1. Out of residues 5 or more away from Ile30 or on other chains, whose amide H comes under 5 Å of its own, with H placed 1.01 Å from N in the peptide plane?
2. HN-Hα J couplings of the stretch 77-86 from phi, Karplus 6.51/-1.76/1.60, θ = phi - 60°, integer Hz, Gly and Pro as x?
3. Order of 24-36, 182-194 by packing, highest average Cβ count within 10 Å first?
4. Residues with amide H under 5 Å of Thr248's amide H, sequence separation 5 or more or different chain, H placed in the peptide plane at 1.01 Å from N; which?
5. Evaluate E = 1/(1 + (r/R0)^6) for Leu182 and Asp159, where r is the Cβ-Cβ distance and R0 equals 22 Å; express this FRET efficiency to the nearest 0.05.
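Derivation of every value follows stated rules applied to the coordinates shown; laboratory data play no part. The shown structure was predicted, so the numbers you read here are calculated from the model rather than taken from an experiment. Methodologically, a virtual Cβ is constructed for each residue, glycine included, from the backbone with ideal geometry; neighbour enumeration extends over all protein chains shown.
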Amino acid sequence: TQVLTLFPYTTLFRSAAFGLESFLLANKFIDGGATGVALMVTELLQNASFTPDAASPQWMGLVLPALLLVINLPFVYLAYRTIDRPFAVRTAMGIAALAAVVATVHLPEVTHDKLLGAVFGGFFLGAGIGLAVRGGGVIDGTEVLAIAVSRRLHTTVGDVITMINVVVFSVAAYLLSVETALYSMLTYLAASKTMDFVIEGIEEYTGVTIISSHHEEIRVMITEVLQRGVTVLRGKRGFGRHGHNHDTDVIYCVITRLEVGRLSGEIEKIDPNAFVVMSPVKDITGGIVKKRRHKH
């Protein structure tokens, strides 16, 4: 049951395959990571001088799915050794399903405009990867490598992925062309931003600090109406030239971005003069807050 939690997202594979076939392959662009390597090798094989039988469309149509499986296979094993078995199984099933869709579902080429191909190819591919992460797996093995390396080097996963992609795009500039590498970098940026939004943007956390003389009413509203946890801090007001101050309670809570408007409206009803500070929160653990699926 845990393994199958990845697969209610049927649009995952459709979105990723749509980005690959209808935009990237149509314009001979690549992406970052293992998917980018598979696309680059596919392009090199198509440009190589094979015999007509070997270079038939039927044979070449199986090159990319086969490369997606072969290149990602070591990373699946690495996930099994360094993370855990359920994550490795979900990742293997996700990559296999993506390869199967690319091999069997032939999608039309949407545009040959290079800018549109780079941006929207990255958009649909990033949406597919983001849905995979929300399902508890990945469909690009370099993310697993980045996790393993970051643990050893005590750096961030993002820094490792950036270093990997610098190498991938440098090789693409040498083997393909500088223009292709530059458009592919644009594809990667679009994919990464879309992936971030799918994973975190919809339910991005916001920390809210509230200072009000009606702090008790606001606390009750948050806990009973919004049903969210709060932390009450002891504070002291300090304002004015003569330093007028008195003790007050400071309320702090963490909500999702979708709840910000409702919270602001409720505070406005209780105390229009309340001092409210909102700031983004990267991630949280524990507490009473709407949680998204835990990511490795």
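1. So Ile30 has HN proximity to Ser184.
2. So the Karplus estimates, Gly and Pro as x, are 5, 4, 5, 5, 7, 9, 10, 6, 5, x Hz.
3. Top of the packing list down: 24-36, 182-194.
4. Gly235, Lys236, Arg237
5. Working: r = 22 Å, r/R0 = 1.00.
After rounding to 0.05, the efficiency reads 0.50.
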